[in-house]
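To start, the structure under review is shown below, and the notes come after it.
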């Protein structure tokens, strides 16, 4: 009798390790082209974020991001140049803005005049910024997860690529958080702490790791993790039984082989990356007199940031690739249908020198901090690093076969930026990086009738309108916080 396979199947070893399988034709109840409709497959929702605005202080050029051409076949400026291989999958939405208090009361879906601590809430939740720095409402990823997660093992994945705050003289005060879920008691939304360690994220997804109560079981699992035992090796017997199943067609064989090759490659990558160096995963020896925090900036007697090229960096280049691989594989395996990925924090102090050759952190690039790289073109160069990895993720989603097409046909992937470029209402400076005028963002994927590959000039719209469009595309109706309405042009 031929082997039957469920829609979300797992291969398990005797020791409990498991690996999920991609969608295969054999999992469908029907054969032929008639069953291969994307509407039968789950929708997926991914929100990404980069902690920088679109232009540099004092530069009349608001950005080198927004295309000159409206509609299809738009031109790629320097900030978005890395999107060239996946441009057909990405729409640019420009003309966005978050309203400001401008010395008065905070308007609906608006922010206070202090830029970094107040743009978070309206951008992510569509709710005006509160007196504290946290979001005042649940974020789009958690709203969508509540409705489309189904019986997936992970209601949502929340990852952060920037490993540390990197500023020793202050704390992030919520600028390191991207995801908030509704409070069942009706109070302030609850922050969802991101996973920062690629190793921990991998263990959670692919080894079913939970600290067991049984001491013997704990010792066994610890041994497996320390020896980095391959999950594919653990399930090798069942894997061979599956491959030998006569019901598998040529396309299924190709999908399985691609899937297993990618898991093996991901295991190799993960084995070379250490967890982030934080107080929670590293025991420090007695340091004696208080030194400056390793890897973070300080402030000199004049109040200026002290900085060195060896500070503010924890291998984020490699971390970005691995987290993109993890999101892709989790989506492929239907382990989760919702993810948020914070590439860099709000007001990011991550060192850009190892990534772009710019001699300052991401935040200071907007303030002309690199003597050799100033203004809006310098900011665009930093944004382009984020776009390189965003394009990598989209390419993997586009190139992974799924019944009736590829993964990206059933995905919505949004990339948000912290600000735009224009008036800073706190200082009355024009052409400022501390502004939520002239904002733009990206939305990719084809779920729910989205028509990617165009530039939509949505003058007067709020960034949350783009998130609402994405939410609606996954089948989630309604508004986001204090913002209502979608952007119909994204579906035209």
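Just so you know, all these numbers are worked out from the coordinates, no wet-lab data involved. All of these numbers come straight from a predicted model, not from anything done at the bench. Note that we place each Cβ from the backbone using ideal geometry, even for glycine, and neighbour counts take in every protein chain shown.
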Practice task
Assuming R0 = 51 Å, can you tell me the calculated FRET efficiency for the pair residue 72 and residue 132, based on Cβ-Cβ distance, to the nearest 0.05?
Solution key: 0.75
Practice task
With a point put 7 Å past each Cα toward its Cβ, work out how far residue 399 is from residue 240 in nm, to one decimal.
Solution key: 3.1
Fill in the blank from the handout: The relative contact order of the range 379-480, taking Cα pairs under 8 Å that sit 6 or more residues apart, comes to a percentage of 21
Problem - Computed lengthening from residue 302 to residue 203, 0.36 nm per intervening residue step minus Cα-Cα distance - result: 31.1 nm
Handout entry: Value of relative contact order over the range 309-426, rounded to a whole percent, pairs C-alpha under 8 Å and six or more apart
Key = 20
Completion exercise
Burial-style ranking of 367-373, 442-448, average other-beta-carbon count within 10 Å with highest first, yields 442-448, 367-373
Exercise for the section: Would you mind calculating the gained length between residue 173 and residue 492 on full extension (0.36 nm times residue separation, minus the Cα-Cα distance), in nm to one decimal? Expected result: 110.8 nm
Handout entry: Within the range 53-69: backbone nitrogen closer than 11 Å to the residue 102 label point (7 Å, Cα to C-beta)
Key = none
Problem - Share of Cα-Cα pairs in the range 67-200 lying beyond 24 Å, as whole percent - result: 50
Handout entry: Packing-based exposure ordering (other Cβ within 10 Å, fewest first) of 363, 259
Key = 259, 363
